[in-house]
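Asks: One structure follows; several queries about it will come next.
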Amino acid sequence: MFNETKIEEMIVGTIRDRIKAKSEEPDAKPLYEPLFGEERLRTHSIIQSFFTSFGMKILENIAEIVAESAQWMRQKDGTPGNIVTSLAQTKIDEIMNRLETRVASPNMVMELSELREVATQGVTQNRSLTGVDLYLTRGRDLLLIDVKTVKPNSGNFKGFKRQLLEWAAAAYYRDSEANVTPFLGMPYNPFEPNEYEFMTSKRYFNSGRDGQLKVGPDFWNFLGDDESAYGRLVACFQRAGDEVRDELEEYIKSYTENP
């Protein structure tokens, strides 16, 4: 069971810091104000700025708290290594080509098995790999998580996939017996109640709790090793919202009624 009080305090603190900053910028929309009304557009703009305050960093910190309840430990160095051998790179290229040409469907278990076999073979190459957003370990189990916004640029899914494979290759080079799980994590599903399906995501990623794309409940329940984790997290946001709702409404009113 993760520390719900700590998460609620983090959410409330983020909201109150944003209110205290009073950093709303001018956002005139003279072409749209006649359509929707000035007050409604101002309210939308302020709410959008609060969404921005809940950037990936806050969500990563919340994810760390949830993961701690399942005995995962966050590694601050940010990468599982920086060596990808020539044969591992060739294997990554093969996997990507199969997916891009749709010769094969994404299959994380098979892809990682293929990578593990060649991760220590061939010429060693030092690579400047992108840092892992959430690098979690539990013994020899590794979670390499790229935390993404729920609607990333559709053309980036190919790059996301290659990045996960490179992280896995570097991790296997460091410890070929490690149990490596690289995946994209998204905090919620904007298409609920329908399944998450965004542009080219399915070409490169299989989804669900056991897939390389974990969205909403699949992400949070997997992290906390608890099928109730997502529901309890939503409840944390609800209680935090109840605590700061009056402050938020007063803040919004100060900008919409006295622009």
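Asks: What lysines does K214 reach when the alpha-carbon gap must be under 30 Å and sequence neighbours fewer than 8 apart in one chain are set aside?
Replies: K6, K57, K76, K91, K148, K151, K158, K161, K202
Asks: Still on this model: Carbon and sulfur together cover what percent of the accessible area of the chain at a 1.4 Å probe radius?
Replies: Ligands and nucleic acids excluded, carbon and sulfur reach 49 percent.
Asks: Taking 10 °C and 1.306 mPa s as the conditions, I'd like the Stokes-Einstein D for the stretch 1-124 in µm²/s, using the Kirkwood hydrodynamic radius from alpha carbon pairs.
Replies: Value of D from the Cα-based Kirkwood radius: 81 µm²/s.
Asks: Using the Kyte-Doolittle scale, find the helices of the chain whose mean hydropathy is at least -1.0 and whose Cα atoms extend 15 Å or more along the helix's long axis, counting only whole DSSP H runs. All intermediate terms of the calculation are to be shown ahead of the outcome.
Replies: Values: long enough: 4-21 (26 Å, -0.37); 38-53 (23 Å, -0.51); 56-68 (18 Å, 0.70); 86-100 (21 Å, -0.47); 108-118 (16 Å, 0.36); 157-174 (26 Å, -0.41); 229-256 (36 Å, -0.60).
Helices meeting the span and hydropathy rule in the chain are 4-21, 38-53, 56-68, 86-100, 108-118, 157-174, 229-256.
Asks: Here's something else I'd like to know. Run the numbers for D77 and A28: contour at 0.36 nm per residue of separation, minus the present Cα-Cα distance, in nm. Don't jump to the answer; show the numbers that get you there.
Replies: On the way: separation 49, 0.36 × 49 = 17.64 nm, distance 4.27 nm.
Full-extension gain reported as 13.4 nm.
Asks: Please list, in order, the residues from the stretch 123-148 whose amide nitrogen is less than 20 Å from a point placed 7 Å along the Cα→Cβ vector of N206.
Replies: The answer is 142-146.
Asks: Separate question: The chain: longest stretch without exposed GluC sites (Glu not before Pro) (DSSP loop, at most 13 other Cβ within 10 Å), sites themselves excluded?
Replies: Values: sites that count: E177, E195, E197, E227, E257.
Value returned for the longest uninterrupted segment is 1-176.
Asks: Using the basic label-point model (7 angstrom from Cα toward the beta carbon), what is the K151 to R40 distance in nanometres?
Replies: Result for the modelled spin labels: 1.8 nm.
Asks: I would also like to ask the following. Would you mind getting the accessible area per residue of the chain, heavy atoms of the protein chains only, 1.4 Å probe, in Å²?
Replies: 53 Å²
Asks: Can you work out D for the stretch 1-71 in µm² s⁻¹ from Stokes-Einstein, where Rh is the Kirkwood radius over C-alpha pairs, the temperature is 20 °C and the viscosity is 1.002 mPa s?
Replies: Taking Rh from Cα pairs, D becomes 150 µm²/s.
Asks: Still on this model: R0 = 22 Å: FRET efficiency of T137 with S176, Cβ-based, nearest 0.05?
Replies: Numbers: r = 16 Å, r/R0 = 0.72.
With a Förster radius of 22 Å, E is 0.85.
Asks: Given the Cα-Cα distance of E249 and R102 and 0.36 nm per residue of separation, how much length would full extension add, in nm?
Replies: 47.9 nm
Asks: Find the Rg to Rh ratio for the stretch 74-204, where Rh is the Kirkwood radius over alpha-carbon pairs and Rg uses the same atoms.
Replies: On the way: Rg = 14.7 Å, Rh = 15.2 Å.
So for the stretch 74-204, dividing Rg by the Kirkwood Rh gives 0.97.
Asks: Now, a different point. Please list, short to long, the whole-number percent of alpha-carbon pairs of the chain in consecutive 5 angstrom bins beginning at zero.
Replies: 1, 6, 11, 14, 15, 14, 12, 9, 7, 5, 3, 2, 0, 0
Asks: Multiplying the sequence separation of R162 and I47 by 0.36 nm and subtracting their Cα-Cα distance, what value in nm do you get?
Replies: Full-extension gain reported as 37.9 nm.
Asks: So what does log10 I(q)/I(0) come out to for the stretch 171-254 at q = 0.14, 0.15, 0.20 Å⁻¹, using the Debye formula with one equal point on every Cα and no solvent?
Replies: For the requested q values the scattering log ratios are -0.67, -0.72, -0.95.
The values are calculated or read from the model by the stated rules, or taken from the named source; none is laboratory data. Small disclaimer: the values here were computed from a predicted structure and weren't measured. Counting neighbours? That spans all protein chains shown, and the Cβs are built from the backbone with ideal geometry, glycine included. What goes into the accessible areas is simple: the full protein's heavy atoms, side chains included, and nothing from ligands, DNA or RNA. Shrake-Rupley method; radii C 1.70, N 1.55, O 1.52, S 1.80 Å.
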